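Engineer: Input: one structure, supplied below.
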Amino acid sequence: MPALDIPFFGTLVLCLILISASYTMAVAMGAGQGRPHLLPSARWGTYATCALVLVAILVLAYAFQVHDFRIRYVARYSDRSMPWWYLVTSLWGGQDGSLLWWSFLLSGYTFFAVRWLRGRYTELQPWVIATLMSILLFFAILMLFAANPFATYIRTTPGDGEGLNPLLQNYWMAIHPPVLYMGFVGWSVPFAILVAAMVTGRLGNEWVRAARLWSMIAWTFLSIGLLLGCLWSYEELGWGGYWAWDPVENASFMPWLVGTAYLHSVLIQERRQMMKVWNVFLLFLTFFLTIFGTFLTRSGLIASVHSFARSDIGQYFVWYMAFLLIAFAALMIWRLPKLKADNEIESLVSREFAFLLNNWVLLGMMVFVLIATTFPLLSQWVRGEEVTVGPGFYNKWMVPLGIVLLFLAGLGPLVAWRKATGSKLLRAMAFPIGVGLAVALLQALFGARLGYPSVVEPTEIYDTGTGTVLAWMSAIAPGVSFATCAFVLASVGQEFWRGMRVRMRKGEGAGKALVNLVSKGRRRYGGYIVHVGIVFMFIGFTGAAYDVEQESALRPGETMDIGNHVVRYDQPRMETDPNKRMIFTDMTLLDESGNEDGQVAPGKFIYRTHPQMPTTEVAIRSRPAEDVYVIMSTVDPSTQRGTFRIIIRPLVAWIWIGGLVLLFGALLGMWPTGRELLREEAPRIRRFRFSPATAVVGLAIVIATMIAWAGVASAQNDSSSSLHAGSVVINDPVERQLFGRLLCQCGDCARLPLDTCACGWADEKRIEVRERLSAGEEPTRIQESYRAQYGAAALAIPSDEGLDRALWAVPIAAMVVAIGFIVVLGRRWQRRGVAPRASTASDASEKLEYDTRLDAELDRLEES
Amino acid sequence: MADYLPWLFVIGAALAVIAALGSLWLSLSLAFSDELVGGARAQLTTDARRGLLTEKENLLQEIRDIAFEHDAGKLSDADYEEINAKLRAQARHVLHELDIGAGPFRDEAEALIAERLSDEG
């Protein structure tokens, strides 16, 4: 290996990134201020900066491979026994490296965006480059002054590293963080285009069009990244769920919500040149939330299962966020006159208004998540009391909002742009509503028999009226959700059918009509397919209402019954590799007739570097109807007796199927944009040219292949893990409700409620609580004494009184005010009417000539 | 793989260093060159036209979508007529603006053609 001082060289490269990004930003700003000849120079400066970031990441990757433990980051996140692929994933396993990884992805986006911009949007280019360089500059400053991934130990160099956290030694970790980061970082490009538009005052449709493809790319990566996070949680954390409303998850979910609102709202601007201020705000907010989310999780301010250690990088983020807010506010005030809408809403029964409602729900959900995520911090600041907002709170409030959003996804396509008459809308809605009602009726009649009742057992998070209302809403949610899913599917199906029928009337066969329909309206029909993906996910989410869970201690050869399954424990076995010892328990699934229906092997991994942290590897047998999720809690080496927890999770596979459908729909929606923009640049060139859409498709294929590979690996190994080693037994609904409100205080898993946490401490506490319940003590009293003993933070959900009530009252009030505002504004717009633009081509013969040209252009569009 | 990977990273880093230095040199030499001033200005003048072309494409798309929605039964005949008339009026306006914008180019092209024809006799 070359004799090179890697830490010094790495730090030197970081310095060069800082200098190069500053230089490029200055040159780009010069180009934007009347010296356009500087633009090519800024472009080459950008390429140089991106190449330097590539050098930095390759140097760090090299340091990991050669075990250069002089570098603190390498020593903390790797060890000599780790295979090369985990040494690569260690790049983003910790704080400092993940910031460099972030910069690397940003430089990748910047490189492709600047290449794509060549010959396009010349006025915007300099400011796009300057903005992207300013973001890169911020990360360079952060790395150089607060989180240098090349920093060395001051005194001795360790002989071996501490190793990567066992939870991160999982195949999903090779895919999930890069994809999620691609989603986060991706919003920088549309944001940079927005800033460029605001600085230059070119606030028509130009920037929207320029940002469209990039925002779709970012949104797609963010969506898939979130889903991969769910998969990681489901398989790796081993608590049986896929989404825990952890602050890190929420930090990714918030920009997704606002980004989704933007993607819908911007359609109104494209179509009607309306909502310009709103779209500018939404895009800024999406980017801001990516930075805010990073700040929340990187600063260590909020406790999370996967947050990084507390560090002083938080103050850098605070300054950067303050700068962003002030700069955006200044730009907004400066450009407000140019953001005036050209049109107004003509009817409250229109696609525009349906999109406004969609924005209202999405933003409402974002406010809920934002307040709940930051509430512990606010509570600490305002009254000095630490509280916890557990998953129960989010689940209760988010489910009804999610169903409303789902309903709007089905309603939107049925409503025409500008204005739809009531009778036509009712006619359009008749079939989807009929299908929804039919499903609701069928479920009410036969659901219980099939294991999917319309109404489930209500559980209360509060002992107040609010708690009762929420409990009943969640009790009827499964039935309403399935009916709404059917409504949306029928609505999308009807849209396809109506479109096909129009084409079939022109003489096309059904197959050709479908192909032409989709190929000529990829964005629209891609969007509908995304909606279908979301419906599939909702089917999967709804399945959680029917989970069945059981825990048993078995000797080899013994069986346990759960749902329609019989599970037989066969034998334990041990395997080793240089990195860890692996203890598996072979189990056989039997059907009702006693025939073998599959094999699973849950286990425990004990890593060489983290022997105190054994991971429980769950085994999952996945089918579209249900997953059998098996956790081995303990196994006694002398008697071979094992304790097992088995969860039957109906319909969960539909979440992942929905993800693949969503990816397909998003790619379909993006594809024409790339071609369209390419054609705009070079109309007659037919040869293959690189485009961002090509890159996205390539990346998507890579991701899909990796997911498929990981799926195969999962089927072979049936492995993932948990930190816990005990078991969960819940006897009745009263226990479930109470355990759901109390958080484990063992110290390792403080955020898990007692109805989920399987550690020994939680088990003892459950026994104690059960005894108190048997003695006739009221659950409310037990909850109060638990709070008195361990503090307010030991309760999964804050109380429904005093300041705690703000947790739901503030977002609800905000949503009520917002909907009132939307309706009043809509009515005012409607009353005002729309003045058609004056046409200077008023002369009749001239009008005829232009109409003829328009018809020719429309024919060209149809044939293209 | 584990044996070759470090070398791959080293080679990759070396190539990236060369690319960075080359790009930086190009950037600096372009920054101090005045050759591109005219070209860059000419590029900027076409941007306004591109904006109008974009608007034209959007309006055409909108006219087509409205017709599609009418054919699919989502828009009544009266609404369709009204909206279609508005959109076509806007599109005519854009075409007119494009024609005005193309005027100087057309004049210049015609002058060049006339000059060439007179040169050729």
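The values are calculated or read from the model by the stated rules, or taken from the named source; none is laboratory data. What you see is a predicted model, and the numbers here were worked out from it, not measured in a lab. Here Cβ is always computed from backbone atoms with ideal geometry, including for glycine, and neighbour counts include all displayed protein chains. Protein only, heavy atoms only, side chains kept; ligands, DNA and RNA dropped before computing areas. Shrake-Rupley method; radii C 1.70, N 1.55, O 1.52, S 1.80 Å.
Engineer: Could you list, in sequence order, all residues of the range A:775-817 that are among the small types (Gly, Ala, Ser) and surrounded by 18 or more Cβ atoms within 10 Å (Cβ to Cβ)?
Structural biologist: Result: A:Ala793, A:Ala794, A:Ala796, A:Ser799.
Engineer: Still on this structure, please answer the following. If you take the residues of the range A:178-190 that are open to solvent by less than 10 Å² (accessible area, probe 1.4 Å) and not aliphatic (A, V, I, L, M), which of them is nearest to the other protein chains (Cβ to nearest Cβ)?
Structural biologist: Filtering the range A:178-190 for residues that are open to solvent by less than 10 Å² (accessible area, probe 1.4 Å) and not aliphatic (A, V, I, L, M), the one nearest to the other protein chains (Cβ to nearest Cβ) comes out as A:Pro190.
Engineer: Quick check on the range A:461-468. Is at least one of its residues within 16 Å of A:Gly543 (Cα to Cα), in contact (Cβ under 8 Å) with a residue 40 or more places away in the chain and of a type in the set (Asp, Glu)?
Structural biologist: no
Engineer: Could you list, in sequence order, the residues of the range A:24-34 that are more than 9 Å from chain B (Cβ to nearest Cβ) and of a type outside the set (Gly, Ala, Ser)?
Structural biologist: A:Met25, A:Met29, A:Gln33
Engineer: Hey, among A:Ala477, A:Ala471, A:Ala409, A:Ala486, which residue is under 25 Å from the mean Cα position of the chain (by Cα), under 30 Å from A:Tyr786 (Cβ atoms) and hydrophobic (A, V, I, L, M, F, W, C)?
Structural biologist: A:Ala477
Engineer: For the range A:35-89, which residues satisfy the criterion of being of a type in the set (Val, Ile, Thr), farther than 23 Å from A:Leu18 by Cβ and more than 9 Å from chain B (Cβ to nearest Cβ)?
Structural biologist: Within the range A:35-89, just A:Thr89 meets the criteria.
Engineer: Same structure again: Take A:Leu222 and tell me if it is surrounded by 24 or more Cβ atoms within 10 Å (Cβ to Cβ), at pLDDT below 85, out of contact with any Lys or Arg (no Cβ under 9 Å at 6 or more places or on another chain) and under 28 Å from A:Tyr73 (Cα atoms).
Structural biologist: no
Engineer: Working only within the range B:58-96, note down all residues that are under 20 Å from the mean Cα position of the chain (by Cα) and more than 8 Å from every other protein chain (Cβ to nearest Cβ).
Structural biologist: B:Leu59, B:Val94
Engineer: Do we have A:Ala428 as within 14 Å of another protein chain (Cβ to nearest Cβ), crowded, with 23+ Cβ neighbours inside 10 Å and not basic (Lys, Arg) here?
Structural biologist: Judged against the criteria, A:Ala428 is a match.
Engineer: Scan the range A:482-501 residue by residue and report those that are among the polar types (S, T, N, Q) and surrounded by fewer than 24 Cβ atoms within 10 Å (Cβ to Cβ).
Structural biologist: Across the range A:482-501, the qualifying residue is only A:Gln494.
Engineer: Residues of the range B:71-99 being among the acidic types (Asp, Glu) and open to solvent by less than 30 Å² (accessible area, probe 1.4 Å), which ones?
Structural biologist: Listed by number, the list holds a single entry, B:Asp79.
Engineer: Just wondering, is there one or more residues in the range A:471-479 that are among the hydrophobic types (A, V, I, L, M, F, W, C), closer than 30 Å to A:Ser350 by Cβ and modelled with pLDDT of 90 or more?
Structural biologist: Yes; the residues of the range A:471-479 include at least one that is among the hydrophobic types (A, V, I, L, M, F, W, C), closer than 30 Å to A:Ser350 by Cβ and modelled with pLDDT of 90 or more.
Engineer: Against the conditions (1) more than 14 Å from chain B (Cβ to nearest Cβ); (2) at pLDDT below 90, where does A:Met274 fall short? Just the number, please.
Structural biologist: Of everything listed in (1) more than 14 Å from chain B (Cβ to nearest Cβ); (2) at pLDDT below 90, A:Met274 misses just condition (1).
Engineer: Have a look at A:Lys396, A:Lys338, A:Lys419 and point out the one that is among the basic types (Lys, Arg) and either away from every other protein chain (no Cβ under 14 Å) or over 30 Å from A:Arg272 (Cβ atoms) (or both).
Structural biologist: Exactly one residue qualifies, and that residue is A:Lys396.
Engineer: If you go through the range A:442-495 one residue at a time, how many are assigned to a helix (DSSP H, G or I) and farther than 18 Å from A:Ile403 by Cβ?
Structural biologist: So the count comes out to 13.
Engineer: Where residues in the range A:104-119 are over 20 Å from the mean Cα position of the chain (by Cα) and open to solvent by less than 10 Å² (accessible area, probe 1.4 Å), which of them is farthest from A:Gly30 (Cα to Cα)?
Structural biologist: The residue in question is A:Ser107.
Engineer: Just one of A:Thr421, A:Thr373 is hydroxyl-bearing (Ser, Thr, Tyr) and surrounded by fewer than 22 Cβ atoms within 10 Å (Cβ to Cβ); which is it?
Structural biologist: So the residue among A:Thr421, A:Thr373 that is hydroxyl-bearing (Ser, Thr, Tyr) and surrounded by fewer than 22 Cβ atoms within 10 Å (Cβ to Cβ) is A:Thr421.
Engineer: Scan the range B:1-28 for residues that are at pLDDT 90 or above and surrounded by fewer than 17 Cβ atoms within 10 Å (Cβ to Cβ) and report the count.
Structural biologist: Of the residues in the range B:1-28, 10 are at pLDDT 90 or above and surrounded by fewer than 17 Cβ atoms within 10 Å (Cβ to Cβ).
Engineer: While we're here: I'm trying to understand the selection: among the residues of the range A:19-29, which are surrounded by fewer than 23 Cβ atoms within 10 Å (Cβ to Cβ) and free of Cβ contacts under 8 Å to residues at least 40 places away in the same chain?
Structural biologist: Result: A:Ile19, A:Tyr23, A:Ala26.
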